[in-house]
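Accompanying notes for the structure given below.
The values are calculated or read from the model by the stated rules, or taken from the named source; none is laboratory data. Predicted, not measured: the structure shown is a model, and the values here were computed from it. Note that each Cβ is placed from the backbone with ideal geometry, even for glycine, and that neighbours are counted across all protein chains shown. Ligands, DNA and RNA are excluded from the accessible area calculation, which covers all protein heavy atoms including side chains. Shrake-Rupley method; radii C 1.70, N 1.55, O 1.52, S 1.80 Å.
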Amino acid sequence: MQEISFANITIDVPSYPVADEKEITVAVLRLDKVHPLISGNKIFKLRYYLEEAKLLGRKKIITFGGAWSNHILATAAACQLADLEATAYIRGEEPVTPSSTLSEARQLGMKLIFLAREEYTRQKRILADETGDAYIIHEGGYGTKGAEGAATIAQHFNPAEYTHICCAAGTGTMTAGLLMSALPAQQIVSISVLKNNVQLEADIQALAASSTGKLTTIHDYHFGGYAKYKPELIHFMNEFYRQTMVPSDFVYTGKLFFAINDLAKNNFFPPGSKLLLVHSGGLQGNASLNKGTLIF
Ligand SMILES: *Cc1c(COP(=O)(O)O)cnc(C)c1O
């Protein structure tokens, strides 16, 4: 398998009409370039979990997720590279044709166990307390070690160059990491991709403990909920690609870029703001869309 290459990370400064108009600058941190499968924030979130598993002498990782989960695929790939066994509990009945995400995870040696929704929730609770020779990683890599790992994303840019660090949030673990590594008074703008996740801000603050950065969570750009989308979002993603050559995914980064564009149009960012948008990867999930939906 292809090695993980942090050297591939770039900071792009695409031409961005709304940026010129509103006198702000917009840069994109391309974590999507780290690896085709372990793309984006997941490798950062996983690193200290895997390190701890090894220190404790555990041979096997157990984790949880859905059929198109970036976390599942990233965990499969990272475990193969780290020489750890991997088992994933997948939410929902086993489909007749597995998703490309699950086929790839299997090819990487991950064992998949399909559970109907109620049983899945029950198992998550039971396994969370398990010790033994397995090491449990929460769904989506949620947790303190995940946030500490995500804080190392800041090694790939110079925080002093930006007034606002913007990212998409699922569990909020990456946001917590960015908040932990933020400079005093630096703005962290977190776009929730879930509908009505009222817990998000408290979850992030709990994970980030003593940060001096300023957190804003925004809940208006979920497009109907997790992994839901509308034609307006797809149209924007295609236009954004045409203008910037930056591809995005419809679950996370498409919603982030849409939100930042809309917020900028509505003067959310004062003139002179310097934004860094974290491209957290996730492009493999676009394979769940019909062919031709996206132009990239
Ligand atoms: C998992 C994921 C996120 C969300 O990360 P959290 O730490 O759960 O908030 C954002 N973007 C992409 C592409 C992801 O795969």
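One table, with the values for the structure above:
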item	result
Unmet criterion (only one of (1) away from the ligand (no atom under 16 Å from the Cβ); (2) open to solvent by less than 40 Å² (accessible area, probe 1.4 Å); (3) hydroxyl-bearing (Ser, Thr, Tyr); (4) touching a Leu at 6+ places or on another chain (Cβ under 9 Å)) for Ser39	(1)
Condition broken by Leu73, with the remaining ones in (1) more than 15 Å from the ligand (Cβ to nearest atom); (2) buried (at least 19 other Cβ atoms within 10 Å of the Cβ); (3) of a type in the set (A, V, I, L, M); (4) in a helix (DSSP H, G or I) satisfied	(1)
The listed residue being within 9 Å of the ligand (Cβ to nearest atom) and among the small types (Gly, Ala, Ser), out of Ala160, Ala154, Ala150	Ala150
Tally of residues being outside any loop (DSSP other than H, G, I, E, B), open to solvent by less than 60 Å² (accessible area, probe 1.4 Å) and either within 13 Å of Ser288 (Cβ to Cβ) or of a type outside the set (A, V, I, L, M, F, W, C) (or both) across the range 94-111	4
Lone unmet requirement of (1) more than 11 Å from the ligand (Cβ to nearest atom); (2) small (Gly, Ala, Ser); (3) open to solvent by less than 60 Å² (accessible area, probe 1.4 Å) for Ser280	(1)
Residues (closer than 19 Å to Asn70 by Cβ and either over 15 Å from the mean Cα position of the chain (by Cα) or assigned to a helix (DSSP H, G or I) (or both)) located in the range 126-150	Ile136, Ile137, Glu139, Gly140, Gly141, Lys145, Gly146, Ala147, Gly149, Ala150
Answer residue from the range 234-264, given it is over 18 Å from Ala19 (Cβ atoms) and open to solvent by 30 Å² or more (accessible area, probe 1.4 Å) and is nearest to the ligand (Cβ to nearest atom) among those	Tyr252
Filter pass, Thr171 being touching a Gly at 6+ places or on another chain (Cβ under 9 Å), open to solvent by 40 Å² or more (accessible area, probe 1.4 Å), within 12 Å of the ligand (Cβ to nearest atom) and of a type in the set (Val, Ile, Thr)	yes
Some residue of the range 129-138 being closer than 21 Å to Gly177 by Cβ, within 14 Å of the ligand (Cβ to nearest atom) and in contact (Cβ under 8 Å) with a residue 60 or more places away in the chain	yes
Out of Gly109, Gly141, Gly132, Gly149, sole residue that is more than 20 Å from Leu73 (Cβ to Cβ) and of a type outside the set (A, V, I, L, M)	Gly132
Candidate set from the range 1-36 (those that are closer than 17 Å to Leu84 by Cα and of a type in the set (A, V, I, L, M)); member that is surrounded by the fewest Cβ atoms within 10 Å (Cβ to Cβ)	Met1
Any hit, the range 112-125, residues being assigned to a loop (DSSP other than H, G, I, E, B) and open to solvent by 60 Å² or more (accessible area, probe 1.4 Å)	no
Residue list for the range 187-202, restricted to those being open to solvent by 10 Å² or more (accessible area, probe 1.4 Å) and either away from the ligand (no atom under 14 Å from the Cβ) or not in a loop (DSSP other than H, G, I, E, B) (or both)	Gln187, Lys195, Asn196, Val198, Glu201, Ala202
Residue match in the range 214-233 (condition: surrounded by 17 or more Cβ atoms within 10 Å (Cβ to Cβ), in contact with a Phe, Trp or Tyr (Cβ under 6 Å, 6 or more places away or on another chain), in a helix (DSSP H, G or I) and modelled with pLDDT of 95 or more)	yes
